[in-house]
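No value in this document is a laboratory result; all are computed from the given coordinates. None of the values given here were measured: they were computed from a predicted structure. Don't worry about glycine lacking a Cβ; one is built from the backbone with ideal geometry, like all the others, and counts go over all protein chains shown.
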Amino acid sequence: MIMRGFMSFVRKETLHILRDPRTMLIVLLMPVIQVLLFGFAMSTEVTDVRVAVVAPHRTEGVRQAVRRIAANPCFTLRGYVDGTQIDAVLRSGEADAVAVFAADYDRRMNALELGEAAGEAVQLVFDASNTNTASAGAGYLQSVLTADVRSGPLPETRLLYNPQMKSSYNFVPGIMGMIFMLICAMMTSVSIVREKETGTMEVLLVSPVRPLRIVAAKMVPYFLLSCFNLATIPLLARCVLEVPLSGNLAGIACLSLLYLLLALAFGLLISTFADKQATALLISGMLLLMPVVMLSGLAFPIENMPRILRVVSCAVPTRWYIEAVRKLMIEGLPFAAVMKEVAILAAMTAVLTAAAIRKFNDKLE
Amino acid sequence: MRTLRVLLDKELRQFVRSPFLPKLVLLFPLVVMLVIPWVTTMDVRHIDVAVVDSDRSSASERLVRKIAASDCFTLRGTFDRYDAALAALDEGAADVVVEVPDGFGRSAAGGPAERVRISANGVNAVKGSLGMQYLMQTLTQTLSELRADRGLQPLAEPVVVQNRYNPTLEYRFYMIPALMIMLLIMLCGFLPALNLVGEKETGTIEQINVTPVSRLSFTLAKLIPYWVVGFAVLTLAMLLARIVYGLSPAGSLGAVYLAAALFVFTMSGVGVIAANYSSTMQQTMFVMFFFVMIFMMMSGLITPVESMPGWAKTLTRFLPPRYFVGIMRAVYLKGSTVAELRADYAALAVFAVLSNAWAAASYRKRS
Amino acid sequence: MNDPILSVRELSKKFGGFTAVDRISFDVARGEIFGFLGANGAGKTTAMRMLCGLSYPTSGSGTVAGCDVMRESERIKRRIGYMSQRFSLYDDLTVLENIRLYGGIYGLSRRRILRRAVEILRRLDFRSESRTLVGALPLGWKQKLAFSVATLHRPELVFLDEPTGGVDPITRRQFWELIYEAAAGGTTVFVTTHYMDEAEYCSRVSVMVDGRIRALGTPAALKKQYAVATMDEVFRTLARGAKRSE
C-alpha cells in the first residue's frame, strides 16, 4: 500500500517530465553535449603562438632561424615588422610575441658556440598579458632558436605533449563533476519549489503518503535521467570521439552514482531554503557554479591556493569526486585507491540528506 | 517616454523590494572579486623534478643541490638513464626531467660544452612551462656562480625574454578581467530572463499585454535596470581590482566601458530571447544555463581559446563573450585602444544589435 | 441596435484541429452589462482573448470600440479594460503603486491618476491600505482592486473574465455594485461568470456551448423561451447537450 502510494508519485513525476518534451530534451542532451564539448575543447596546452620578426639585417643565419620558427607546428609566423611596430603588433593582438634579431646576430651566435662572452643575439618580446602563452611559448621559442647550437649556457628545452594521449580528456572528470552537480541540484530544487509556488505541494502533503516519500519520489525520475546521462557520456566518448577509455569503469560508475545522490540531496536542501523558483535557480545555477568551477580543482590546481581556500575547497563535494575520477580514469588506479574520497562523499551525502530532511520537516510545522 | 518611465519605476521598486536580488547583486561581485583571484594563482610550487646526471661532477652536484634546496621544486630522484626519468614523468611522479650531459663541469669551467636539456610535461602546460622557466633561472644562476668561482665573466644568454605588459607573469592579472566578464555574463544574462518569465508565470504579463504599452517600452523597461546593474557591478569590480590587487586598466576607461556596454546589451538580449521562447521558469533557466555554461567554458575565460582544437576555435567565433574577453584583457593589461581592436568591437556590436533585435521581435503581445 | 460597441461576425479560433471558438456572431450595445456564459471549456476565455487583442482570430471579423479586431488590436487596447481570471496585479507593489503604474501606462496625467487613486481608495474603503503590498490583501479585496484598476482610465468597454471566482457572497454583492456604478458611468461591461444569480443582473446574456453561441437575449426573454423559472435552468438545459467539458 505504502509502496503503491510511492510509485504513483514516481509516475506523476515521470509524467511531468515526459509531458514537457522541451525540458526533457534539454535535461537529456545538455549534460552530454556539455561534457563532450568542454571535455574536449578545454585544454591549457600552448599550441599556437603567433610570432612576428624584427630583423635589421636578414642574413642567412637570421633567415634560417625564421624558417625554423615557421616550420614548427607550435608557431605561426606573422611576417617581418619594423622595430617601431613591436608595441602596436602586440597590442592589437596580431602576434603573441616578437622575435627581435640583433644586427650582428651571426657574429654573436658564433661567439656563443666558442664559449666566448658575447651579447644577446635575439630578444623575445612576449605579450605577457596571457601569462600561459608567454611562459610556455618563451621556453619553447628559446629552444627552437638555439636548436642547432651545440653548447652554451642556455639549456635545451622542450615540452612533451601527450605522453599517453591524456590531455585530450584531462578536463573530463572535472566537467562531469561540475555538470552533474549543477544539473541535478537545479532539477530537484526547482521541481520541488515549483510545487510550493503553485500550491500543489499542499495538496500532496495532505495525502496519506509521508512527506519524505513525496520528496523521494520527486528525486527518482531525475536520478534515472542522470543515470542515463552517466551512461551516454562514456559511450559517446568511446564511439564518436574515439577516446581510449581506460580505467575501472565499474568503479567510476559506482562513484558517480554516489555523487549523483549527493547532488540530488543538495538540490533538496536548496529547495528548503528557497520559496521561489527564481531563487532556487539562482542558488543552484549561479551561486553554486562559482565554488564548483573555481574551488574544485577543475581548472585551477588546489595545491596552489592559499591555505584558507584549500580548507574551504575540502567542503566542495565536487573536489573529491574529481580527485577520485582522475585517479580511476586517468591514472588507472584500482578502486581501493579512492576509498578515502568515497568515504568523504558518502559522509557528505548522509549529512546533506539528513540536513535537508530535517529542514524539510521543520518547514511543515 | 512617459510609459517607459512608469514601467522603469515599477521595475526599480520590485527590484529593491525583492528579498534576494539586491543582496545578490552586491554580494556576488564582492565575494567573486575578493576570493576567486586567490584561487587562480599559478605561482606553481612543488614542481616534481627528475634529474638524469650523466656528468657526475662537482658542478652537476651543485646544480642538483640547488634544485633540491629550492622552494619551487621537489627533487624526485636522480636517474642514470633518460628512459627511467621519462617513465617517472609518464606516471605523473615527475613534472620535469633535467638531463645534465657529460661534460657539464667542463662547460661550467669556461670551455664550450654540451647543453643541459630540460623536458617538461606539456599536459599541464602551466606547471610544465613555469617549471621550465624556474629551472632555467636556477641553471643560469649555478653557471654564473661556477664561472665566478674561477674568476670568469658570466656568459650572456643568446636569447633573452622580455615579458611585456605583465613582467612578473602574474596569472591573477590575467584572470581578473575574466572574472569581471563572468559576473556580467551571469548577472546580466540570468536576471532579466528570470524577471521576464516570472511575469509570464504569475500572469501579470497578460494584464500588461491588454494595455497599449508597446513591445519596445516593455522590453526596454525590463532591460535598462540590468544594464545599470551591469555597469554598477563592473565599476565595483574594477574598484576592487584596483584597491585589493593594485590592477587598473592600462588602456582607457572609455574602451572598457564601451566594450562592456556592447556586451551587456548582448547578454541581456540573450536573456530576453530565452524568456520569450519559454513558458516556464524551468525551461528558461535550463536554456540560459546551457548558454551561460558554454559562454563561461568556451570563450577563453578559463582556458585559452588558442589552446582549443580547431573545431572548438571555429565555434568560439559565434560566442559574444569571446570577443569581450579578448578586448578586456587587451585593454586592461596591454592598454590597447578601440582602434587597434576594431574587429573585436565590431563583432560585439553586431552581436548586440542582433540579439536585441531578436529579443524585441520575439516578444509577442498576441498569440 | 444602433452603433454597437462590439460587433463580431463568424469569429473562429482553431488550435490545430481543435475549434475552440466556432463562427460566433453577436453585438453588444453601448452601456450594456453583457453576460457571456458557458460551461468550462466552452470557449469563453478564448473568445474574450481574441476580442482583447491577446489572441489572433483564425477567421471572421469584428470591431471592438470602433476598431478592427484583426488589424487594430493595439488601438483597441487603448479603449478597453481587462481583468483576467488569474489575479494579475503585481503582488510585490503596493495598492497605490499598482494604481500609479497602470495610470501611467494608460497615459493619464499625474494629477488625474492621483484623483482617481483617491476616488478608488475611498470607494473601496482602502484608504488605510494604500501602502500595503497587494500580495498581502485578502482575495476579495484583490478582485475589487483589480476591477478598479481595469476601469482606471474609464474605458468605453471593460472585459471581466470570471471576476468573482472564489469570492464570498458579500464581496460578490459589493463587486456587482462596482459593476453597476461603472455601467452607470457609461462603461460597457462584458463579463463571464459561472454564477447564474449574477447572470440575472445582466442586461443581456449569451450562452456558449462547444464553441458556439446557442442562446442570446435578456434573462427574462431566455427564461420565457425555455419556459423555466431561473437562469440556472436555462443554462442546464443548454449545457446538457455539450460534448466537451473540462
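Exposure proxy shown here: for A:ASP275, C:ASP27, the number of other Cβ atoms within 10 Å sets the order, fewest to most, as A:ASP275, C:ASP27. Overall, chain B carries a charge dipole of about 1740 debye about its Cα centre when +1 sits on the Cβ of Lys and Arg and -1 on the Cβ of Asp and Glu, all other atoms neutral.
A helix-only calculation puts chain B at -21500 deg cm²/dmol for mean residue ellipticity at 222 nm, using -39500 (n - 2.57) for each DSSP H run of at least four residues, averaged over all residues. Scaled against 2.2 N^0.38 Å for its residue count N, the alpha carbon radius of gyration of chain B is 1.33.
Name the trypsin sites (Lys or Arg not before Pro) in segment B:310-351 that are in a loop by DSSP and that have at most 11 other C-beta atoms within 10 Å, would you? Of the trypsin sites (Lys or Arg not before Pro), the ones in loops of segment B:310-351 whose Cβ has at most 11 other Cβ atoms within 10 Å are B:ARG317.
Charge tally around C:LYS223: other residues with Cβ under 14 Å, Lys/Arg +1 each, Asp/Glu -1 each, net -1. The orientation-averaged projected area of the convex hull spanned by the Cα atoms of chain C comes to 13.4 nm². Taking every Cα-Cα distance in segment B:259-330 and sorting them into 10 Å bins from zero, the calculated P(r) comes out as 19, 46, 29, 6, 0 percent.
Along its three principal directions, the equivalent ellipsoid of segment B:189-318 from the Cα gyration tensor extends over semi-axes of 31, 21, 12 Å, largest first. So for segment B:47-149, what percent of the C-alpha to C-alpha distances run longer than 18 Å? Tail of P(r) above 18 Å: 42 percent of Cα pairs. Which percent of the Cα-Cα distances in segment A:49-145 go past 16 Å? Roughly 53 percent, rounded to a whole number. Each of B:PHE290, A:ALA41, C:PHE36 was placed along the dipole of the protein assembly as shown (beta-carbon charges, centred on the mean Cα), and the one lying farthest toward the positive end is C:PHE36. Most simply put, segment A:49-145 has about 40% antiparallel DSSP beta bridges, counting only bridges with both residues inside it. Once the convex hull of all Cα atoms in segment C:1-44 is built, its volume per residue stands at 72 Å³. Debye sum, Cα scatterers, segment B:1-110, no solvent: what log₁₀ I/I(0) at q = 0.13, 0.14, 0.23 1/Å? The Cα Debye sum returns log10 ratios of -0.66, -0.72, -1.17. Projecting the Cα atoms of B:ASN121, B:GLN141, B:GLY103 onto the charge dipole of segment B:47-149, computed from C-beta unit charges around the Cα centre, puts B:GLN141 farthest toward the positive end. The mean of 1/r over all pairs of different alpha-carbon atoms in segment A:217-365, once inverted, gives a Kirkwood hydrodynamic radius of 16.8 Å. With Cα atoms defining each centre, segment A:171-206 and segment B:229-278 are spaced 30 Å apart in the structure.
Normalised by 2.2 N^0.38 Å, with N the number of residues, the alpha-carbon radius of gyration of chain A equals 1.35.
Computed over the protein assembly as shown, the convex hull of the alpha-carbon atoms projects to a mean area of 46.1 nm². The length gained on full extension between B:SER279 and B:ALA68, counted as 0.36 nm times the residue separation minus their Cα-Cα distance, comes to 69.7 nm.
Residues of segment A:169-202 with the amide nitrogen closer than 15 Å to a label point 7 Å from the Cα of B:SER362, along Cα-to-Cβ, please. No residue passes the distance filter. Mean per-residue shielding of peptide B:331-344 is 3, counting Cβ atoms of other chains within 10 Å of each Cβ. Charges were assigned to the Cβ only: +1 to each Lys and Arg, -1 to each Asp and Glu. The resulting dipole of segment C:6-239 about its Cα centre is roughly 700 debye.
Taking only the alpha carbons of segment A:1-104, we obtain Rg and Dmax values of 28.8, 93 Å in that order. Between A:GLN123, B:SER54, C:ALA199, whose Cα lies farthest towards the positive end of the dipole of the protein assembly as shown when Lys and Arg beta carbons carry +1 and Asp and Glu beta carbons carry -1, centred on the Cα centre? Selected residue: C:ALA199. For segment C:144-164 and segment A:287-311, what is the centre-to-centre distance using only Cα atoms, to the nearest Å? The two parts, judged by their Cα centres, are 56 Å apart. With the simple spin-label model, which puts each label point 7 Å out from Cα in the Cβ direction, the B:GLN137 to A:PHE228 separation comes to 5.4 nm. Qualifying trypsin sites (Lys or Arg not before Pro) in segment A:1-97, where qualification requires a DSSP coil assignment and no more than 13 other C-beta atoms within 10 Å, comprise A:ARG58. Based on Cα contacts under 8 Å between residues 6+ apart, chain B shows a relative contact order of 18 percent. Relative contact order, whole percent, for segment A:49-145 stands at 32, derived from Cα pairs under 8 Å and 6 or more residues apart. Computed with the Debye formula from one identical point scatterer per Cα of segment C:14-102, without solvent, the log10 of I(q)/I(0) at q = 0.21, 0.25, 0.26 Å⁻¹ comes to -1.17, -1.39, -1.44.
Modelled label positions at C:LEU133 and A:LEU333, each set 7 Å beyond Cα in the direction of Cβ, lie 5.1 nm from each other. Could you tell me which of the pairs B:LYS200/C:LYS13; A:LYS196/C:LYS14; A:LYS196/C:LYS142; A:LYS218/C:LYS44; A:LYS12/A:LYS276; A:LYS12/A:LYS340 are separated by over 27 angstrom between their Cα atoms in the structure shown? Flagged as over cut-off: A:LYS196/C:LYS14; A:LYS218/C:LYS44; A:LYS12/A:LYS340. Mean partner shielding of peptide C:141-148, defined as the number of other chain Cβ atoms within 10 Å of each residue Cβ, is 0. Counting only Cβ charges, +1 for Lys and Arg and -1 for Asp and Glu, the dipole size of segment C:149-217 around its Cα centre is about 200 debye.
Roughly how far apart, in whole Å, are the Cα centres of segment A:16-59 and segment B:315-354? If you average the Cα positions of each part, the centres end up 18 Å apart. Mean partner shielding of peptide C:52-60, defined as the number of other chain Cβ atoms within 10 Å of each residue Cβ, is 2.
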